[in-house]
1. Would you please state which residues of segment 101-124 a label at Arg68 would reach in this model, taking the label point 7 Å out along Cα→Cβ and a backbone N cut-off of under 20 Å?
2. Between Asp44 and Arg169, what length in nm is gained on full extension when 0.36 nm per residue of separation is reduced by their alpha carbon distance?
3. Can you list the HN-Hα couplings for segment 41-48, worked out from phi with the Karplus curve (6.51, -1.76, 1.60; θ = phi - 60°), rounded to whole Hz and with x for Gly and Pro?
Amino acid sequence: MLHIRTFALLAAALALMATTAPVRADHEASVTATGQGQVEVAPDIAWLGFGISARRPTVAEARDEVARGVARLIALARDAGLEDEHIATAALSVSPEFDWLPETRERRLLGYVVSRQVTLKLADLSKLGQLTEQALGLGVTEASPAVFDTSRRNEFEAEALAGAARAARAQAMVMANALGVGVGAPLQIEAGSPAASPRPMLRMAMAEADSMAGAETYQPGLIRITANVTARFALVPQ
């Protein structure tokens, strides 16, 4: 009984301390601001996407035709200096093709469509136009616009992030100065780095393009790498 009573008294004392101890709340004056940093750079990598498809009465016929087209495209890429690790082929896609007969209200099988996608990573942009034109000449049935990137992405993302942090503090200082106070240390920081915004391939000026072959008129634009920072700063007397 003595031990039980002692424990009860101790619990009551702790409860009393909890109710009488001062509660600290974070009521520090602060200001929240968002900044964005941007870096525009010339790309040095291009991702090229090609599709090869065939329609034939049987799956085997269509598959064999697509296989020959893919083999020609891979050989072209290797001749252009691409390593096998920069050449990716997707799985075959097979779709039956039907016709509708209104008289009998039935479907009639016309054949099969077989397709395959090939993605190339090109590190020498001087070959972009020639490679694209030659690929189209090999019977490629689909060509997606090139997507550009940079091999120094990590470096430029860090640069954009630093710019975003400086912009956030500058915005906070504008608001604080308007209120007659100063900006102290950051209390909370949240960062985000959206993906780069690839721009489509741009054509040269017509005056230049007129005197050049089609494969030589491909020119990439700039890519923009952005970062956003939202920060909360303490307000201090000026």
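1. Counting only backbone N, you get 111-118.
2. Working: separation 125, 0.36 × 125 = 45.00 nm, distance 3.28 nm.
41.7 nm is the gain from fully extending Asp44 to Arg169.
3. Whole-Hz 3J(HN,Hα) from phi for segment 41-48: 9, 7, x, 10, 9, 10, 9, 10.
Every read-out reported here was derived from the displayed coordinates using simple, explicitly stated rules and does not represent laboratory data. Note that the structure is predicted; figures quoted are calculated from it, not measured. Because the Cβ atoms are built from the backbone with ideal geometry, glycine has one as well, and the counts that use them run over all protein chains shown.
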